[in-house]
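Visitor: Take this structure, written in structure tokens, and hold onto it; I'll ask about it next.
The values are calculated or read from the model by the stated rules, or taken from the named source; none is laboratory data. Here the structure is a predicted model, which means the values were calculated and not measured. Backbone-built Cβ (ideal geometry, glycine too); neighbour counts: all protein chains shown. The accessibility values were calculated without ligands, DNA or RNA, using every heavy atom of the protein model including side chains. Shrake-Rupley method; radii C 1.70, N 1.55, O 1.52, S 1.80 Å.
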Amino acid sequence: YACLSYVWGPTDPPPQPPLVLTTRETLSLHQRSIPFYSLPQTLRDAISFVRGLGLRYIWIDALCIVQDDNADWLRECSRMRLIFANSRLTLAA
């Protein structure tokens, strides 16, 4: 798998946030499918690039961490070092 490193949270000036986030409400839907064209261009580009390399999975925190579930957020953030360290590559956007 690959990882995507990018800024989408608050900064000065604020970046464009992703239009699609995994939340408690969207989790079951996202586990089945996330329509490619519903994603912002940065995420689509990263997914296309990773697919072109023959990799099947990409870690995108806005999609892989349930954003409104504090327990999930804390659990996944505590593993972030390992997630990035064990990926085949990390894309920076």
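Visitor: Can you name the residue in segment 53-79 that is of a type in the set (A, V, I, L, M) and within 21 Å of I34 (Cβ to Cβ) and, of all such residues, is most open to solvent (accessible area, probe 1.4 Å)?
Guide: As a first pass, look at segment 53-79 and keep what is of a type in the set (A, V, I, L, M): 53, 55, 58, 60, 62-63, 65-66, 71, 74.
Of the ones still in play, those that are also within 21 Å of I34 (Cβ to Cβ) are 53, 55, 58, 60, 62-63, 65-66.
Values: L53: 96, L55: 34, I58: 38, I60: 3, A62: 0, L63: 30, I65: 4, V66: 11 Å².
Ranking the candidates gives L53 first.
Visitor: Among the residues of segment 35-52, are any open to solvent by 40 Å² or more (accessible area, probe 1.4 Å), part of a loop (DSSP other than H, G, I, E, B) and at pLDDT 95 or above? Walk me through it before giving the result.
Guide: Start the filter on segment 35-52 by keeping residues that are open to solvent by 40 Å² or more (accessible area, probe 1.4 Å), which leaves 35-38, 41-42, 44-45, 48-49, 51-52.
Those left that are additionally part of a loop (DSSP other than H, G, I, E, B): 35.
Filter again for at pLDDT 95 or above, leaving none.
No, there is no match, as no residue in segment 35-52 is open to solvent by 40 Å² or more (accessible area, probe 1.4 Å), part of a loop (DSSP other than H, G, I, E, B) and at pLDDT 95 or above.
Visitor: Which pairs turn up if I take residues in segment 36-61 that are more than 10 Å from A2 (Cβ to Cβ) and look for partners that are of a type in the set (S, T, Y) and surrounded by 15 or more Cβ atoms within 10 Å (Cβ to Cβ) with beta carbon separation below 9 Å, at least 6 apart in sequence or on another chain?
Guide: As it stands, the answer is T42/Y6; L43/Y6; D61/Y6, since those pairs meet every condition given.
Visitor: Taking only segment 53-93 into account, find how many residues are aliphatic (A, V, I, L, M), closer than 21 Å to L21 by Cβ and not in a loop (DSSP other than H, G, I, E, B).
Guide: Just the residues of segment 53-93 that are aliphatic (A, V, I, L, M), to begin with: 53, 55, 58, 60, 62-63, 65-66, 71, 74, 80, 82-83, 85, 89, 91-93.
Among the residues that remain, those that are also closer than 21 Å to L21 by Cβ are: 58, 60, 62-63, 65-66, 71, 74, 80, 83, 91-93.
Checking which are not in a loop (DSSP other than H, G, I, E, B) leaves us with 58, 62-63, 71, 74, 80, 83, 91-92.
Result for segment 53-93: 9.
Visitor: Out of the residues in segment 1-20 meeting the condition of being of a type outside the set (A, V, I, L, M) and modelled with pLDDT of 95 or more, tell me which one is farthest from W59 (Cα to Cα). Steps first, answer last, please.
Guide: Here is the first cut: in segment 1-20, the residues of a type outside the set (A, V, I, L, M) are 1, 3, 5-6, 8-18.
Next, only the ones that are modelled with pLDDT of 95 or more stay: 1, 3.
Values: Y1: 7, C3: 5 Å.
Only one residue fits best here, namely Y1.
Visitor: Determine whether T90 is hydroxyl-bearing (S, T, Y), surrounded by fewer than 15 Cβ atoms within 10 Å (Cβ to Cβ) and under 18 Å from V7 (Cα atoms). Spell out the reasoning first.
Guide: On the way: hydroxyl-bearing (S, T, Y): yes; surrounded by fewer than 15 Cβ atoms within 10 Å (Cβ to Cβ): yes; under 18 Å from V7 (Cα atoms): yes.
So T90 passes the test.
Visitor: Further, regarding this structure: Select from segment 21-34 the residues that are within 17 Å of W73 (Cβ to Cβ) and hydrophobic (A, V, I, L, M, F, W, C) and write down the one among them that is modelled with the highest pLDDT.
Guide: L27
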